[in-house]
1. Among the numbered conditions (1) charged (D, E, K, R); (2) over 31 Å from the mean Cα position of the chain (by Cα); (3) under 29 Å from Gly98 (Cβ atoms); (4) crowded, with 17+ Cβ neighbours inside 10 Å, tell me where Lys219 comes up short.
2. So is Val108 under 30 Å from Ile147 (Cβ atoms) and either without any contact (Cβ under 8 Å) to a residue 40 or more places away in the chain or among the small types (Gly, Ala, Ser) (or both) or not?
3. Can Arg71 be described as over 30 Å from Gln265 (Cα atoms) and modelled with pLDDT under 85?
4. Which condition does Leu183 not pass, out of (1) at pLDDT 95 or above; (2) within 31 Å of the chain's Cα centre (by Cα); (3) aliphatic (A, V, I, L, M); (4) buried (at least 16 other Cβ atoms within 10 Å of the Cβ), if it passes all the others?
5. List the number of the failed condition for Gly225; all other conditions in (1) within 25 Å of the chain's Cα centre (by Cα); (2) among the small types (Gly, Ala, Ser); (3) more than 30 Å from Ile124 (Cα to Cα) hold.
6. Would you mind stating whether Gln253 is in contact with a strand residue (DSSP E or B) (Cβ under 9 Å, 6 or more places away or on another chain), outside any helix (DSSP H, G or I) and among the polar types (S, T, N, Q)?
7. Name the one entry in Gln114, Gln191 that is surrounded by fewer than 16 Cβ atoms within 10 Å (Cβ to Cβ), assigned to a helix (DSSP H, G or I) and touching a residue at least 40 places away in the same chain (Cβ under 8 Å).
8. Among the residues that make up the range 201-210, is at least one of them loosely packed, with under 15 Cβ neighbours inside 10 Å, under 29 Å from Lys137 (Cα atoms) and not small (Gly, Ala, Ser)?
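The values are calculated or read from the model by the stated rules, or taken from the named source; none is laboratory data. This structure is a prediction, so every number in the text was calculated from the model and none was measured. Note that we place each Cβ from the backbone using ideal geometry, even for glycine, and neighbour counts take in every protein chain shown.
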Amino acid sequence: MLPNANDLNFFIEVAKAGNMSRAAERLGMTQPALSQAMKRLESAFDQQLLLRSKSGVVPTKAGEKLAIQARALLDQWQHLKDESLKDAEQVRGTYSLGMHASVAQYTVGHFAAQLLSEFPHLEIKLEHDLSRRVTEKIISFKLDFGIVVNPVDHPDLIIKEIFKDEVTFYKAKKLKPQNESVLICEPDLTQTQELLSKIQKKEITFDRRVTSSSLDVIKSLVVCGAGVGILPGRVIENERKLVEVIPDMPVFQDRVCLVFRHDLQKSGAARKLGQFIFDHLKSKE
């Protein structure tokens, strides 16, 4: 059993005072509590450290050695704590950040250059997946942060909304007539499934379907006039001159959020990193 740092401090004072009552008074504690601390320390070292008599206490040979070395040990311990605290406050090392690849296209560029310049000892590991899987990985400690679309509340998570977006149906302004009945979409997205359910109720149908796991590929196909695409507004943002929203089609409201675990708040470095990302994205809203 390792000795308690407080007990070592108490022992140094007892050895210096040569008297339990006097040492207890100097330490601002009761004599019974101090006696218990000395017993714990002797138990930790598995030997007697103090010789007790009516006139006071004196260290044994082992106690004399401990009294000399304990201060150096405590100083080293304090130095280690100070260095650990310094590391916890400095943004350094590797942090992981997850998001859908398409979300990365319209977010990472708004903060990455400034982030790496501000924190020269920082490395970022980007991981791309569906938002719900990114959220699961944050909860299970596999990722530190996520830029997540429509995160579900969870007791272990802090969710900070950055901005909103809209997912709906887009087509090229010069859509080829023969391709008006072609739907291009990412079928695994919740937004796609919700919108398809809504158009089904309106009895709107498409004769053919092209599916892709890449929203950027879907965007390219829509821009070239291959069909009607289901896309977030921010993905299609730079193509507004070439595409348009199809009127009277349903819209899905998205929330794009910064997500991380509550425990990261205990680290000053993680708090700085999260706030930096949030502030820079929020300013671009």
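1. (2)
2. Working: under 30 Å from Ile147 (Cβ atoms): yes; either without any contact (Cβ under 8 Å) to a residue 40 or more places away in the chain or among the small types (Gly, Ala, Ser) (or both): yes.
Spelling it out, Val108 is indeed under 30 Å from Ile147 (Cβ atoms) and either without any contact (Cβ under 8 Å) to a residue 40 or more places away in the chain or among the small types (Gly, Ala, Ser) (or both).
3. Values: over 30 Å from Gln265 (Cα atoms): yes; modelled with pLDDT under 85: yes.
Answer is yes for this residue.
4. For Leu183, the failing item is (2).
5. (1)
6. Details: in contact with a strand residue (DSSP E or B) (Cβ under 9 Å, 6 or more places away or on another chain): yes; outside any helix (DSSP H, G or I): yes; among the polar types (S, T, N, Q): yes.
Answer is yes for this residue.
7. Numbers: Gln191 fails: surrounded by fewer than 16 Cβ atoms within 10 Å (Cβ to Cβ).
Among Gln114, Gln191, only Gln114 is surrounded by fewer than 16 Cβ atoms within 10 Å (Cβ to Cβ), assigned to a helix (DSSP H, G or I) and touching a residue at least 40 places away in the same chain (Cβ under 8 Å).
8. Within the range 201-210 (the criterion being loosely packed, with under 15 Cβ neighbours inside 10 Å, under 29 Å from Lys137 (Cα atoms) and not small (Gly, Ala, Ser)), the answer is no, since none of the residues qualifies.
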